[in-house]
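Below you'll find the structure, written out as structure tokens, and then a few comments.
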Amino acid sequence: MAEVQATYTPKVTGGARRSAASRLLGRDWLLGWLLVGPVFLILLALLIYPFFDAILLSFQERFIGQDGVWVGLRNYTALFAPNSLFLKAAWNTVAITGGAIVGKLVIGLAMACVLNQRLRLRNLWRGLMFLPWAVPAVVTAYAWRFLFDTSGPINGLIAQFQLLDDYIYFFNDARIALPALILVVIWSGTPFWTMNFLAGMQAIPAEQYEAAEIDGASTFQRFRYITLPSLAPVILVTALLSTIWTSANLTQILVLTGGGPNYSTTTLPLLAYLVAIPGHELGAGAAISMMMMPAYTLLVFFLTRQMLRQE
Amino acid sequence: MAIATAPRARAVTDQPARRGRRTIGRGWVIATYVGLIFFLCWTLVPFVWMFLASLKTNKEIYQEFTLLPEQVYFGHYISLFSASGGSKASGNFSRWLLNSALVATVVTGLSVVLGALAAYAITRLRFTGRPSLARGLIFTYLLPNALLFIPLFSTIARLNLVDTLQSLMLVYPTFTLPFCTWMMSSYFRSIPVELEDAALIDGCDRLGVLFRIVLPLAAPAVAVVALFAFTQSWNEFLYALVFTNSLATRTVTVGLTQMLGEDVFFWGQMMAGALITAVPPVVLYMLAQRLVISGLAAGGVKG
């Protein structure tokens, strides 16, 4: 839809000769930079500067409230020492993110298919199903922590009907804690996928379905050969976005398990937090963040390109 | 954010009736309704349980297992707001709500004003660095805050802002501004440039054009962006957790988690507090939904 040229404006200067500065810096350079200035400065001071600060910080031993001491690569080599939590946390990050992505894809797609049908009160159902996405992560984590608690309904039912000899201690057992956590992450993240899928489905021309119907395609075939391929770009972008946000989000983990039991649900961002803030070792924490940087930079770079291409 | 990933999508409510789905078989219709009921339960049970628990007495929560409260008990809500409630939240909760509201309001104001100025420059003015700036905005929006909170903490410490609400007001725009700017610029692009040209020829200057023509036309986008900024600031957790450390400066999301540090979990109170915390984002979200359907989908979503 390029009928509106974004930067086109007629010459209102009456054909006056442009100054050297405006030839070099663009017609509206002064006003342009004045207007973007505040945003640029905030991002420079609070994103770009800290980014470089993090690099320096990761080569220091620095405790909160004290001056740093240069230690070279020690913060990095410590990450790969025997019994280091780094590799465990890296694996947890991959497991939680991977499991959550698959779950959100499947459930989100099914949910979008249901909500894309002509239903009574469809907008109400849509609104309700997006609730987990609208409320703060702390709230959803609380809701689930209570559901899984010994005073919660799951264990309540177990006790009431004597289904098991003992309660299930969801977050005390590593084998249950990780899947339970993934379930919560899926639950709260699915609406975002559903929303994107629905928007993508609305963009598929109805003619395609009509043509397929005339050719005798079944409902499933129409889904398989029209809906799914048309959604591919949406799925790609949503998956990338979700990978970034899911892997980086530590709120729910912190509230649900605190990273335990025995670090079995500690992800890299959570480890960085635990080391840097409660552990007071800013340098070592920054080193963990820096180790994540290449992966995120790659993801974000790829995603930015993808989003600009679709625009 | 959904808007960001499906830029070619048409309005969500657009032409639902003309879909070629009317001939799905009876089996699929039944499956659809089964799916609907399943997904409604899946989504709502945690919230419903939360709500019910917030109205139960402690005896019901800890000793008996009941589905519905035997009688509606408002004690947990009351104890959140009275100093004698026994938990860390008691008496502090209203302070936390106020802190969150204050931070979110300031951040929203900053994001809308600064975002609109930058968005206008990016869509309508020509100057060096504009394309890389637009790209940089998306890049910074996508970069997760979990990467930078450690150096940001040391920056905040250097500015002597640790444990103040100002630190949050300063830092939150880093995640609201890129989105607000980007969102508004894509809406501005959908406004016919001829309107602006006419004003320019009539002697209006650029800022006049922005404030008298573009912004009034973009009112739905401005509203959505404001709602977004407020909700994001209200929901934020990590920065608030790291930058503040006393009960008086906590925002409500972090304040809630302070109740986890106690020997006993006051589940009733925690659920009541969590529900109250969820109210502003949910109300704003419902408002935004209307606007997204009518406003953004019609303009900003178009690429």
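Of the set (1) in contact with a helix residue (DSSP H, G or I) (Cβ under 8 Å, 6 or more places away or on another chain); (2) over 27 Å from A:Q60 (Cα atoms); (3) not aromatic (F, W, Y), all apply to A:G283 but (2). Quick one: in the stretch B:183-198, which of the residues that are surrounded by 15 or more Cβ atoms within 10 Å (Cβ to Cβ) and more than 10 Å from chain A (Cβ to nearest Cβ) is nearest to B:A116 (Cα to Cα)? That would be B:M184. Taken over the stretch B:243-260, the criterion of being hydrophobic (A, V, I, L, M, F, W, C) and more than 27 Å from B:V113 (Cα to Cα) is satisfied by B:L247, B:A248, B:V254, B:L256, B:M259, B:L260. Checking the stated criteria, B:A89 turns out to be farther than 30 Å from A:R118 by Cβ and outside any helix (DSSP H, G or I). Being more than 8 Å from chain A (Cβ to nearest Cβ), outside any helix (DSSP H, G or I), touching a residue at least 40 places away in the same chain (Cβ under 8 Å) and in contact with a helix residue (DSSP H, G or I) (Cβ under 8 Å, 6 or more places away or on another chain) is not true of B:A226. If you filter the stretch B:136-165 down to residues that are of a type in the set (S, T, N, Q) and out of contact with any Leu (no Cβ under 8 Å at 6 or more places or on another chain), you find that the one that is nearest to the other protein chains (Cβ to nearest Cβ) is B:N160.
I'd like to know if the stretch B:78-97 contains one or more residues that are surrounded by fewer than 19 Cβ atoms within 10 Å (Cβ to Cβ), among the aromatic types (F, W, Y) and touching a helix residue (DSSP H, G or I) at 6+ places or on another chain (Cβ under 7 Å). There is at least one residue in the stretch B:78-97 that is surrounded by fewer than 19 Cβ atoms within 10 Å (Cβ to Cβ), among the aromatic types (F, W, Y) and touching a helix residue (DSSP H, G or I) at 6+ places or on another chain (Cβ under 7 Å). Within the stretch A:208-231, residues that are closer than 17 Å to A:N116 by Cβ and facing chain B (nearest Cβ under 9 Å) sit with their Cβ atoms under 8 Å from residues that are of a type in the set (K, R) and in a helix (DSSP H, G or I), at 6+ positions apart or across chains, in these pairs: A:Y209/A:R222; A:A212/A:R222; A:E213/A:R222. How about the stretch A:29-62: which of its residues are within 11 Å of another protein chain (Cβ to nearest Cβ), more than 28 Å from the chain's Cα centre (by Cα) and over 28 Å from B:F211 (Cβ atoms)? Correct list: A:Q60, A:R62. In a residue-by-residue description of the stretch B:55-74, the property of being farther than 23 Å from A:N155 by Cβ and within 10 Å of chain A (Cβ to nearest Cβ) applies to no position. Within the stretch B:183-199, being among the aliphatic types (A, V, I, L, M) and in contact (Cβ under 8 Å) with a residue 24 or more places away in the chain holds for B:M183, B:M184, B:I191, B:V193. Among residues of the stretch A:147-170 that are within 7 Å of another protein chain (Cβ to nearest Cβ), those with a Cβ under 7 angstrom from a residue that is of a type in the set (V, I, T) and surrounded by fewer than 19 Cβ atoms within 10 Å (Cβ to Cβ), sequence gap 6+ or separate chain, pair up as A:L147/A:I154.
Would the stretch A:134-141 turn up any residue that is without any contact (Cβ under 8 Å) to a residue 40 or more places away in the chain, of a type outside the set (S, T, Y) and more than 8 Å from every other protein chain (Cβ to nearest Cβ)? Taking every residue of the stretch A:134-141 in turn, none turns out to be without any contact (Cβ under 8 Å) to a residue 40 or more places away in the chain, of a type outside the set (S, T, Y) and more than 8 Å from every other protein chain (Cβ to nearest Cβ). Looking only at the stretch B:229-251, residues that are under 25 Å from B:C180 (Cα atoms) and in a loop (DSSP other than H, G, I, E, B) come to 3 in all. Residues considered: A:G216, A:G189, A:G200. Of these, the only one that is outside any helix (DSSP H, G or I) and either in the same structural domain as A:I107 (by TED's automatic domain parsing) or under 25 Å from the mean Cα position of the chain (by Cα) (or both) is A:G216. Scanning the stretch B:126-182 for residues that are hydroxyl-bearing (S, T, Y) and part of a loop (DSSP other than H, G, I, E, B) gives B:T128, B:T164, B:Y172. For B:M286, the criteria (1) farther than 26 Å from B:I156 by Cα; (2) among the aliphatic types (A, V, I, L, M); (3) surrounded by 18 or more Cβ atoms within 10 Å (Cβ to Cβ); (4) facing chain A (nearest Cβ under 8 Å) hold in every case but one, which is (3).
The values are calculated or read from the model by the stated rules, or taken from the named source; none is laboratory data. In this text the structure is predicted, and so the values were computed from the model without any measurement. Glycine also receives a Cβ, built like all others from the backbone with ideal geometry; neighbour counts cover every protein chain displayed.
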